[in-house]
Structure formats: C-alpha cells, structure tokens
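One structure below.
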Amino acid sequence: MSLKNLLENWSRYRRGHEQGGYHDYEHMWAMVIDLDKCIGCNACSVACYAENNLAVVGEERFARNQAMHWMRIERYWDEPDLERAGKLEHGEYQQYGASFLPMNCQQCNAATCEPVCPVAATYHTPDGLNAQVYNRCIGSRYCSNNCPYRLRFFNFWSYYETSWPKPLDMQLNPDLTVRDKGVMEKCTFCVQRIRAAKDKAAREGRKVRDGEFQTACQQTCPTTAIVFGDLLDPESQVSRMWRYYEVELGKTEQHKRHPERRGYRIMEELNTDPCILFLERVREV
Amino acid sequence: MQTKDINEQIAWAKINKDVLRSMENPRSGYWIAVGICVAMVLVAILAEIYQYNAGLGVGNLNWPHMWDLYIATFIFWIGMSHSGTLLSAILHIVHADWRKPIYRFAEAMTTFSLMTAALFPVLHLGRVWNMYWVLPYVSDRGLWPNFRSPLIWDAFAIFTYLTSSALFLYVGMIPDLAICRDNAHGWRRKLYTVLSLGWAGTDRQWRHFRKAYLLMACFLIPLAVSVHSIVSSDFAMSIMPGWHVTTFPPYFVAGALYSGCAAIITLFVLLRYFFRFEEYMTIPILEKTVKLTFAIAMVWSYLWIIEFLAAWYGGHKADVEILVSKFTGPYSPFFITMIFCGTVLPFTLAFERLRRHLPTMFVVSLLFNLGMWLERWMIVTPTLAQAYHPFAWNVMWPSVVQWAIVFGSFGWFGLLFLVFVKIFPSVSMYEVKEMVYHRRRHVVEELAVKYHRRAGDPQPVTDNPGT
C-alpha cells in the first residue's frame, strides 16, 4: 500500500484498457453448434449441471425464472420466416417439429457485460474467455442487464443450502466452487478443464492439442452437434469449420463468397463479436 | 387578489419571531407524522434484513428482471434532488429574488433525497457487505473499480453532489443559525453556537460569506446538470433497446427538475399550512414556482416525444417492439398513467385560478411525482421484460418486499425532513429580510429617491393597486 504501488498499478490498468483489453491471445476458445444435428435432448444442459455445480433450484423457483441453467435449450415452435415466405400455413409448422437453439455464454470478444461491471469482476482473459470472478462480484447485476443474449444468471438465493441434500453433495465437482447468494455466474467454457489441459501441456512442454479435452456439453452431446476448440490453432476442427463457413471474428457482417454455407453468429450486428458459430437448421420445406 | 411576492412592511423582529416559532413546540400532528415515518422505515428495515439474509429472490427479482423498483426509485430520488439546486444556486445567480423564502426547504429536500437515493444502489446489491469495492481505495492487491462502468461514475457523482449540496445548505444557513443561537436556550443554544461558527454579522464576515456562497453556487450549477446525466448513462451507455437512447441525459435532467419542482410545491403547501407561513410563502411565489414547473413539464414532454419518435423512425426492430409494448403490453396501464400525470395534467397549471388554489396544487403536484416515479419504472422494466432475445421475454411483478423498501424510503425522507424543520429554520430569515429590504426601496418613495435610482428604472409605486 504505497504511492508506488498505486501509480504502477494505475498505469498498468490504463495501458491494458486503452487498447481494449488483450490482443496477444494465447488461445481463442470457440465453439460450433450444428442446429441441424441438435435433437433438443437437453443432455448438454444436464451435463453442465453436473460439471459446473449448478444449483438445482426446484420447481417453484424455476417457474419464477430463477433457474441457473448456463446451457439452455431454447425451444421455438413457430417459424414466422417460413410462414411469411408462404411455405407454411399458420399452425402447420408443428408437424415439422420444434426448432431448438442451445444457448450458452457466447464468450463475446467485445463483450457488453465487461465494461459495465463496476468492480471489473468480469473481464477478458488471455484465453479469449469472458471470465467471471465470483469472489470479486458484488452483485450489481448490470452485466446481465447488458447482455443481449440474457446468458448470465444470478444467485437470487443461497441455492446450495437446498440444492444438494445429503448425500447428493458428494456428487459436486471438486474442481470448482459452489456459489453463494448475490453473485453472477455463467458458462465458462468449462474453464477448469481448460486449466487442467493447459497445466498438463505445460508440464510436458508442449502446446495444448486439439481435442485433448472436451467441454461437458460437447462430451455429452449424443449427435456431436457441439464442436469446441482453439481458433488460433489453424489446424483445429473449430478453425477449419469457421473457415469453411466463412465466418470471421471481429466483423459485424459476414460477406460470404458462398452464401449457401450455413454458419452464422447470433446478433453479431450488435458488434458483440461472439465466439460461437451456429450452423443453421436445414428445413424440409 | 394578492400580487406582491411579499409584504414589504414586515418588521425584522416579526420575521425572526415567525420562523423561530415554527421550530418550537411540535404539536401532536407533528408527532403523528414522525410516528408514521418511523413505522415506514422500520418496515423497510425488516424487509431489508429479510432480503439481506435470504437473497434478492425475495423481491421477486428474476431472470431477466435483474433490476426493478430499486433502481427506478433510486433514479426518482436522485431526480427529486435537482430542484433544490435549481432554486438555490441557479436562481441565486440570475438574481430571481422570489426564491428567497422557499429555497431553504428546497435545498434541505435536495440533501435528504440524495441521502435517500444513495441507499438504493447499496441495498440492491447482491452482496451488500462488499459495497465499498466500488470506491477507488488503495488496496494491497492493486485492485481498482472498473472506471469504464457507469455505476462507478454514479458513485462519484452522488458523493460529489451529496457533499457539495450539504455544504451549500449548511453555509447558506450560518447567519440564520446565529439568529437561532441568540434566541435559544439549553441544548439548542449549544448546538447553534457550535454550528454558527462564531457568526457575529460583521461586514467582513458578510463579505466573505457572500463570496463563498456565490462560489459554491457556481460550483453546484454544473453538478445539477451532470449528476442526472451520469445517472442516465447507466441506461444510455448500455446496448439495450429502450435504454440506449442519445437524448437520455437531457431527458433525465428535465424529468429530475420536473419531479423536484413538483415536490417543492407539495412541501410549500404543507409548510405554509402547518407553520402559518402565509406571509412568506405567498401565493404569487407559488405561482412563479408553478409556472416554472409548467415550463419544465413541457420540456420533459417534448423530450419523451422526441425519444419515441426517434425510436419509431429509427426503425430498429427491437426499439420499435419495446415502444409498442409500452403502449400495448402488460405495463401499459402504468405507462399511460405516466403520460397522463406527466404531460396532460400539467395543463391544469395553465389556469390562473387553479395555480392559486392551494389544495389543487397539492394534489396535482403529488400526481406529477407519481407520474415521474412511474416514468422511471417504465424506463427500467419494459426493456428488461422485452429486450433483444425473445426467449428471455418475461413479465415480472415486484413482491411485497420490494414495495416495502420503496415505501420505506419515503418514510426515511419524511423523517429526515421532519427532523430538519424542527431543528433548522425552514425559511431563510436573513434572505427574506434582504428581499423585504430591496422591495422597500422600490415602494417607499423616500428610500427610492435616496438610493439614486438610475434612469430607466421603474418608477416607484406609491399606492398599491389590488392589495
């Protein structure tokens, strides 16, 4: 606690932020979710609950929209675009089944949640992750209000008190914490697995290999709809898919040479620069 | 019909006597009011203890309604604090001397509503006990708050405004405190002796006092504009449709002055009635305040119309959707009430007969503030209910815990104000005397001649038609 400390930290802080955060990323973790493969089974959501110690809030609180599902399957029954195009009568869509949209934190590179946090509890890591520091969070909830995807979840109660009655607490993942009331949380791309893989690679003196580890949702997906990897590694499956579908980071609009290729990012026109690429569902009609 | 702001024949001693009388011998009605306020505060404290222990879920907050009444009421109280500064600082600089009998309580209102407002960002936090983390203190870990966050700017703006408006209130009161000191006994005498800082009314003291007061007024004026602009950036700096609006800073400032002026009218009527201040808080002064309110109401209405037209013609889908849902969605009754109270009702102020009718002005000013409170709620909540991602569209109604804390804040404000009016003079004695003195110059012929009236000055009025 000295003037030197104050000045040094201040200038370091200033420099980091003038340039808009990190630029020399070590990794850029990203995902591809193929909606054509998604069958809406919710296995990814369940896997996420198990891996990340997500609180099970109970029916009543779930109905009050106080649930904590970092990974959620959104179900849409209507297809207004198809109706408008005259391909479907109103109400006819149901025979084609619902549309599913798995949504977890988009790990935006220009995340709208980051600049608004009063205590910088959410920030960008050199891994390209949008990190949430539970210990630093004071629960102002501004980040969630400023997330256009609404993918941040708040501990409205001390969920841990009722979520895992004995002996269910034995199932908790020891690699990460259980959150108390008053902090925000969200999908971390299973940062504990990333951490473990990076540590292992560092011990063995090599780089992290593509596919060396999986996120919990990817691991569980029965149809392999979810692909995860490092965008900075040009040979990773994720990079190859992003290249094939001609979607690039840092753009608010993708000018594709092959517009028929399905990839898109949700609400990229808001300049959030999300790291999840969705592959559009191919309809029979 | 009374046309003069103040009777220029009032004796100095009568002014002192009337104001000092208002600070003594509280009647039973006063204690009842204090009791009600204390009860409201106690209920709010119980609600807050419950919320503190159980978590914010007790307020029925949910995903995506992360903010609700707390933030809306926070903006409301911050807004209400702006008119005290308008009356005391801005009108001081422009030499509008009709403000003199009413600025003291308006400024107390400023300070107290800021003290009320400052509670809300604290108690809406998920982890209240860590609230000091938003302040840039030097920590061993080298951690700073995030200076890019509008919430941090809020913290700075509120603290600056609270400090300077409290100081301004106090400094402006020093000559009056000296009068109180000279007339008090017991603990009051001790209190006023300390607070009046040895004021003896010498020329030198007055000169310094004038200078200090003017400088503080100049310092406060930019704050009156900047504080609510910064509060508006909580919304304007976000990317949410319905919040991300360029006109929000002036819109918020206009709304702030509006609700503040309405509150001044309410308190004006109450003080005039209960403290028998008919000779100081006169109908012509009320009328001037009301005209000011009317002008501000029109500016505010213009700005919300601009905001909605911009959203409509901007054609951004999400913006338009929120705009339409404000008029037709689940919150539409409140929204339409807000438009009625905020924009339609002010037209009652266009009629002189109503402007001079105290009960009407009392009711109407309360309704203005109801409208302004609804306005803040209707800024915060519809956007949360219906933003970009349709899957997260949801309607939430606040629970009794939220309402208890919101009502408790009114009790807290009332309690502070009630304590104030019995300990400090709610009418500025020395400034009323100044006002009377200046009016006398214009009215009494010998004085007018004596003070070398310049060519072009209005001729002295010897007979007073209409009184």
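The values are calculated or read from the model by the stated rules, or taken from the named source; none is laboratory data. Here the structure is a predicted model, which is why all the values come from computation and not from measurement. Using ideal geometry, Cβ is built from the backbone for each residue, glycine included, and neighbour counts are taken over all protein chains shown. Note: areas computed on protein heavy atoms with side chains; ligands, DNA, RNA excluded. Shrake-Rupley method; radii C 1.70, N 1.55, O 1.52, S 1.80 Å.
Computed quantities for the displayed model
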| item | result |
| --- | --- |
| Paired Rg and Dmax values of the stretch A:24-279, which use every Cα atom, in angstrom | 18.9, 60 |
| Surface accessible to a 1.4 Å probe, per residue, for the residues of chain A, Å² | 49 Å² |
| Peptide B:230-241 - average C-beta neighbours from other chains (10 Å radius) | 3 |
| Beta bridges by DSSP in the stretch A:24-279, antiparallel share as percent, to the nearest 5 | 80 percent |
| For chain B: relative contact order, % (alpha-carbon pairs under 8 angstrom, 6 or more apart) | 31 percent |
| Exposure of B:Y137 as accessible area (Å², to 10), given a probe of 1.4 Å and all protein chains | 80 Å² |
| Principal axis box of the stretch A:209-281, alpha-carbon based, largest edge first, Å | 32, 25, 23 |
| Computed FRET value (nearest 0.05) for B:I93 with A:Q254, which takes r as the C-beta separation and R₀ as 45 Å | 0.20 |
| Point-to-point label distance, B:D140-A:E161, nm (Cα→Cβ direction, 7 Å offset) | 3.2 nm |
| Highest-fluctuation residue, A:A196, A:A47, A:A120 considered, GNM on chain A with Cα pairs under 10 Å | A:A196 |
| Area of B:K211 that stays accessible when all protein chains are in place (1.4 Å probe, Å², to 10) | 140 Å² |
| Pairwise Cα inverse-distance average, inverted: Kirkwood Rh of the stretch B:2-55 (Å) | 15.2 Å |
| Inter-part distance where the stretch A:144-200 and the stretch B:362-410 are each reduced to a Cα centre, Å | 31 Å |
| Average beta-carbon neighbours from other chains, 10 Å sphere, peptide B:385-391 | 5 |
| ³J(HN,Hα) computed for each position of the stretch B:215-226 - Karplus, 6.51 cos²θ - 1.76 cosθ + 1.60, integer Hz, glycine/proline x | 4, 5, 4, 5, 5, 6, 4, x, 5, 4, 8, 6 |
| For the stretch B:19-105, size of Cβ-based charge dipole, Lys and Arg +1, Asp and Glu -1, in debye | 400 debye |
| Within chain B, helix-based [θ] at 222 nm, where runs of 4 or more DSSP H residues each add -39,500 (n - 2.57), nearest 500 | -22000 deg cm²/dmol |
| Percent of Cα-Cα distances greater than 33 Å, calculated over chain B | 41 percent |
| Karplus 3J(HN,Hα) series, Hz, for the stretch B:307-322 with 6.51 cos²θ - 1.76 cosθ + 1.60 (x for Gly, Pro) | 4, 6, 5, 4, 5, 5, 7, x, x, 5, 3, 5, 4, 5, 4, 5 |
| Built amide H within the under 5 Å cut-off of A:V56, gap 5+ | none |
| Measure of compaction for the stretch A:116-169 (Cα Rg per 2.2 N^0.38 Å) | 1.38 |
| Centroid-to-centroid separation of the stretch B:186-254 and the stretch B:40-54 [C-alpha atoms, Å] | 30 Å |
| Principal-axis tilt of helix B:103-117 within chain B, Cα atoms, nearest 10 degrees | 20 degrees |
| Helix-derived mean residue ellipticity, 222 nm - over chain A, DSSP H n ≥ 4, -39500 (n - 2.57), to 500 | -6500 deg cm²/dmol |
| For the stretch B:273-318, alpha-carbon Rg relative to the globular expectation (2.2 N^0.38 Å, N residues) | 2.01 |
| Cβ-based charge dipole, chain B, positive-most Cα from B:F413, B:H124, B:S233 | B:F413 |
| When each of B:K211/B:K422; B:K100/B:K433; B:K190/B:K211; B:K4/B:K288 is checked by Cα-Cα distance, pairs over 19 Å | B:K211/B:K422; B:K190/B:K211 |
| Surrounding net charge for A:K207, when Lys and Arg each add one and Asp and Glu each subtract one, Cβ distance under 12 Å | -3 |
| Proximal aspartates and glutamates to A:K251, defined as alpha-carbon separation beneath 20 angstrom and excluding residues fewer than eight positions away on the same chain | A:D24, A:E114, A:D127, A:D230, A:D233, A:E260, A:E268, A:E269, A:D273, A:E280 |
| Accessible area buried between chains A and B, both sides summed, probe 1.4 Å, in Å² to nearest 100 | 4600 Å² |
| Within-9-Å neighbourhood charge of A:L151 [Cβ basis; K, R +1; D, E -1] | +4 |
| Solvent-accessible area lost in complex, 40 Å² minimum, residues of the stretch A:156-200 relative to chain alone, 1.4 Å | A:F156, A:W157, A:K181 |
| Residues with amide H under 5 Å from that of A:G139, placed H, sequence gap 5 or more | A:M184, B:G126, B:R127 |
| Ratio of Rg to Rh over the stretch B:337-421 (Cα coordinates, Kirkwood Rh, two decimals) | 1.11 |
| Placed amide H near A:G263: partners under 5 Å, 5+ positions off or other chain | A:E280 |
| 3J(HN,Hα) from dihedral phi, the stretch B:401-410, Karplus parametrisation 6.51/-1.76/1.60, rounded to Hz, x for glycine, proline | 5, 4, 5, 4, 5, 5, 5, x, 5, 5 |
| With every protein chain in place, the stretch A:24-279: carbon and sulfur % of accessible area (1.4 Å) | 51 percent |
| Occluded residues from the stretch B:132-151, i.e. those whose accessible area drops by 40 Å² or more once the chain is not alone (1.4 Å probe) | B:W133, B:V138, B:D140, B:W144, B:N146, B:F147, B:R148, B:L151 |
| Distance (nanometres) between label positions extended 7 Å along Cα→Cβ at B:K211 and A:R281 | 7.7 nm |
| Size of electric dipole in chain A: Cβ of Lys, Arg +1 and of Asp, Glu -1, about Cα centre, debye, nearest 20 | 760 debye |
| Diffusion constant of the stretch B:1-104 at 25 °C, which comes from Stokes-Einstein with the Kirkwood Cα-pair radius and 0.890 mPa s, µm²/s | 131 µm²/s |
| Per principal axis, descending, Cα span of the protein assembly as shown in whole Å | 99, 64, 53 |
